[in-house]
1. Mind ordering 82-93, 53-64 by average Cβ neighbours within 10 Å, highest first?
2. What GluC sites (Glu not before Pro) does the range 103-164 have in DSSP loop regions with at most 16 other beta carbons within 10 Å?
3. Please work out, to two decimal places, the log10 of the ratio I(q)/I(0) at q = 0.13 Å⁻¹ from a Debye calculation in which every Cα of the range 78-167 carries one identical scatterer.
4. Separation between the Leu78 and Asp115 pseudo-spin-labels, each 7 Å from Cα along Cα→Cβ, expressed in nm?
5. Using a simple charge model, +1 on the beta-carbon of Lys and Arg, -1 on the beta-carbon of Asp and Glu, nothing else, what dipole does the range 88-157 show about its Cα centre, in debye to the nearest 20?
6. Quick one: if you stick a label point 7 Å off each Cα along the C-beta vector at Asp45 and Asp169, how many nm between them?
Amino acid sequence: MMRTVQRTLVLLVLASVACQAPSAVPATAEGDAASTAGGSVMEFDLASLDGGKISPRDLGEDLILIDFWATWCGPCHLQADILAKLYPELKSRGVEFLAVSLGEPEAVVREFVVDRPFAYPVLVDPNDYIAGKYGIFVLPTVVMLDREGTIMYVHEGISTASRLTSAIDEILSRQASEGSSDRRTARDKGAEVFAS
């Protein structure tokens, strides 16, 4: 009986922590995602499950929220549930979402999405290109980019709804107060406080 309780507790603890991304990240990675918040630009062009390729810059929204995840990652499923509830309201405020699956074949991701559909585009990065280039070592990781692709927010592990809406409110407020003609870099604006 005691062993069963201990095993259950261990499983609960493991399920509550973030999943480690596969170790396919080369030693030459440019740094971890959290250290790039506040000035670095994230650029990529990945295949979408809907066909074609998508780049965050193609979306044309003021803010892009990217959820890096994998089908095998339990905490990623919880993150997706949180984002699914937030998406309708945030979409109406000019925030677009992307889900980027890391390190898995498209067929695996497609099969998963049949049972757990996303309301926003799902992109696949089967070779962990983004994980290596931007140092995404923990899943889930949520990254927010402004219209120019500047990294405004990074959080490794599960981001709560309140944490996300607070960060989004702050970023959109700053964008509105600066106007489109007077944008400074995120580091000048102090966005590094959003990295966690």
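What follows draws every value from the coordinates through simple rules; no lab data is involved. Please read these numbers as outputs of a predicted model, since none were measured by experiment. Virtual Cβ from ideal backbone geometry, glycine too; neighbours counted across all protein chains shown.
1. Details: 82-93: 14.6, 53-64: 16.9.
Answer by packing, highest mean first, reads 53-64, 82-93.
2. Working: sites: Glu106, Glu111, Glu148, Glu156; in loops: Glu148.
Those that pass, being in a loop and sparsely packed, are Glu148.
3. -0.45
4. Each label point is offset 7 Å from its Cα along the Cβ direction, giving 1.9 nm.
5. Numbers: 6 positive and 11 negative charges, 38 e Å.
So the dipole magnitude of the range 88-157 works out to roughly 180 debye.
6. Result: 3.9 nm between the two label points.
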